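Okay, structure first, notes after.
Computed from the coordinates by the stated procedures, all read-outs in this text should not be read as laboratory data. On a predicted model such as this, the values are computed, not experimentally measured, just so you know. Ideal geometry is used to build each Cβ from the backbone, glycine not excepted, and the neighbour counts take in all protein chains shown.
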Amino acid sequence: MAKSRGGPAAAAGGVALGSADGMAAPPDAPASQAAEMDAERRLDGDSRSSGGGSEGGERQVDRFGFIVPEGDEPDKETRDEVVPLEKLRQRESKWLDMLNNWDKWMAKKHKKIRLRCQKGIPPSLRGRAWQYLSGGKVKLEQNPGKFDELDVAPGDPKWVDVIERDLHRQFPFHEMFVARGGHGQQDLFRVLKAYTLYRPEEGYCQAQAPIAAVLLMNMPAEQAFWCLVQICEKYLPGYYSEKLEAIQLDGEILFSLLQRVSPVAYKHLSKQKIDPILYMTEWFMCAFSRTLPWSSVLRVWDMFFCEGVKIIFRVGLVLLKHTLGSSAELKSCQGQYETVERLRTINPQIMQETFLVQEIIELPVTERHIEREHLIQLKKWKETHGELQCKSPPRFHGAKAISDSEPYPRKALEPSPSIILPPDSRLSPKGRKGKLPKGDKKRDRGKGRLANGPIPEENGTQSSLEPEASSLHQSKESFSSQESEDTYL
């Protein structure tokens, strides 16, 4: 299946990720796509008439920054899912402790990180956490000035033209991207253009645009660029290559796993002869950012950065299971067209944050299942199609695999201060008695150590910030996360 460099296209009438160059939806476009494009036209008209919201009154937005239609109530559908303020502050405190001691937590308490990602990363720290989990922060520090160099370099005209045409299609209802030529669209262009220069053999794929846009909603352009690099190279390698071979292989893996998760849905799709590429391309390539409610998107991404592509598989399996997994649901899906249309317009209750996250956590699909099935499908592919034309790097199953694969020795983690004091300033001037917290008194009493010195373990030895090499992961390359200086509130 050939890849349209403006975006992925499925064979036999597959779903494209965007419209043609014009703003009108094609006649056979699904209702959701037509509605989205109609909203784009209205919002674009509003941005021209009101200067993108700077004149003529402010638009009402929800807690995620999406514009609320006039007459609707913000956050009406997600009010019950908002974390209480006290609990949110507790989670922020725990995450700050992890981020300030990231290597140690990743080496010895990775399961705790995973549990906290499953509960949801606090919004104020989400951007920083994604950088740590993906290794994007360390990638940035190992390539100082690289993004600036790519940013000022002229892009390949063929990619620049395609990227510019795609900018207004990325979340046009979000306040960051609503204005044509606004800061959001400018940063999105910078990130996508930089990637085409960083990986000229891969170029640009339309599905990368929503991925980059989600990152930009949570972090500055340079950090978003390196997180995009990690997603394309470590989490989803080969997804955005010219022939789309990796996404086709994962489609077969998803379909095979479905046989065990939901035999009813598997049998129905087999009977209707519906190729997985028809319904899962946008799901996987955009990491469900164009499918799920936004609160669910963020929770899925929190787990995805921590646990890897198995989260994407689990989400797809949950949606298929609850949409086509019972005889009652199949009564209205007797034909191929009705089935594909049902998968394009999934019941909102299935995608509701609390329900979906719990289903994802409980679904017994592991990295081992995915890798075993990958070998089976790869063998079948070679028998029918020959060798893969695109040799993708190995896939890393989450933050732990990326962290363990980083070569040592390396610079130890040194948290960046949030408050810079003059050189001659001291935290505890002589002659002034300051009370220390109880924990600090115990730690420093009689030891002669500063409060920010090495952290002792329970057995009295000092802990190393460098984790031991794990024998569970065979990955050869990548990076672990370090302290980030950027907090988005």
Within 10 Å of each residue's Cβ, count the other Cβ atoms and sort Thr384, Thr339 from fewest upward.
-> Thr384, Thr339
Using 1/(1 + (r/R0)^6) with R0 = 30 angstrom and r between the beta carbons of Thr354 and Leu375, what's the FRET efficiency to the nearest 0.05?
-> 0.25
Among Val309, Trp226, Ser270, whose Cα sits farthest toward the positive end of the charge dipole of the stretch 223-359 (+1 at Cβ of Lys/Arg, -1 at Cβ of Asp/Glu, about the Cα centre)?
-> Ser270
Gln142 to Ala328: extension gain in nm, 0.36 nm per residue of separation minus the Cα-Cα distance?
-> 61.5 nm
Along the positive direction of the dipole of the stretch 245-385 (beta-carbon charges: Lys, Arg +1; Asp, Glu -1; about the Cα centre), which of Leu257, Gln349, Pro364 reaches farthest?
-> Leu257
Using 7 Å Cα-to-Cβ label points, what is the Ser124/Lys108 separation (nm, one decimal)?
-> 2.8
Rounded to one decimal in Å, the inverse mean reciprocal Cα-Cα distance for the stretch 254-309, i.e. its Kirkwood radius, is 12.7
Length gain on complete extension for the stretch Leu85 to Asn347, per 0.36 nm per residue less the alpha carbon to alpha carbon distance?
-> 91.3 nm
How big is the Cα convex hull of the stretch 157-212 in projection, averaged over all directions, in nm²?
-> 3.4
To the nearest 20 debye, what charge dipole does the stretch 81-173 have about its Cα centre, counting +1 at the Cβ of each Lys and Arg and -1 at the Cβ of each Asp and Glu?
-> 1000
Provide Ser326, Ser405, Ser296 in ascending order of the number of other Cβ atoms located within 10 Å of each residue's Cβ, fewest first.
-> Ser326, Ser405, Ser296
Point-to-point label distance, Glu383-Glu362, nm (Cα→Cβ direction, 7 Å offset) = 3.7
Gyration tensor verdict on the stretch 245-385 (Cα atoms; rounded if a/c is under 1.5, prolate if a/b is larger than b/c, oblate otherwise) | oblate
